[in-house]
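What follows is a short report on a single structure.
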Amino acid sequence: MKRFFVWFALVSLVLAGAVSYFASSDPDGLDFVTEEHGIAEHAQDHPLADGPFADYALGGDDRFTGLAGVVGVVLTLAVAGGLFWLLRKRSPSAK
């Protein structure tokens with residue numbers, strides 16, 4: 001089972017670091033529909049729009065999209081691992 005998690009983490013990091021550069025910069029379907037119907041005119045920026053991971057790039061620089069993906073995967077795996085560790089089923093202690 002440990003081997004699976006190691007491979008899962010490695011594949012996730014490779015995908016986040018390499019494949020993210022091939023993502024389309026064109027708007028997705030939801031963005032297209034909101035622009036087409038004028039809904040986007042009323043949109044406001046999110047309070048974290050100027051944050052370090054805004055627009056899926058580290059510091060807003062498209063050259064660091066892969067790095068932003070890797071940091072996101074590491075943080076997600078760390079939080080998930082911590083939650084699994086806290087919520088794991090423990091064997092009854094011997095008295």
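Computed values, structure above
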read-out	value
Tabulated pairs, the range 1-14, first touching a residue at least 24 places away in the same chain (Cβ under 8 Å) and closer than 17 Å to GLY72 by Cα, second surrounded by 10 or more Cβ atoms within 10 Å (Cβ to Cβ) and hydroxyl-bearing (Ser, Thr, Tyr), C-beta under 9 angstrom, 6+ apart or interchain	SER12/THR76
Out of LEU13, LEU48, sole residue that is of a type in the set (A, V, I, L, M) and in a helix (DSSP H, G or I)	LEU13
Filter result (open to solvent by less than 80 Å² (accessible area, probe 1.4 Å), in a helix (DSSP H, G or I), more than 14 Å from ASP62 (Cα to Cα) and not acidic (Asp, Glu)) within the range 19-37	GLY29, VAL33, THR34
Out of ALA49, ALA57, sole residue that is surrounded by 13 or more Cβ atoms within 10 Å (Cβ to Cβ), aliphatic (A, V, I, L, M) and without any contact (Cβ under 8 Å) to a residue 60 or more places away in the chain	ALA57
Single residue of the range 68-86 satisfying the filter (out of contact with any Leu (no Cβ under 9 Å at 6 or more places or on another chain) and more than 16 Å from PHE5 (Cβ to Cβ)) that is surrounded by the most Cβ atoms within 10 Å (Cβ to Cβ)	GLY72
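The values are calculated or read from the model by the stated rules, or taken from the named source; none is laboratory data. Source: prediction; values computed, not measured. Note that each Cβ is placed from the backbone with ideal geometry, even for glycine, and that neighbours are counted across all protein chains shown. The area values use the complete protein model at the heavy-atom level, side chains included, leaving out ligands, DNA and RNA. Shrake-Rupley method; radii C 1.70, N 1.55, O 1.52, S 1.80 Å.
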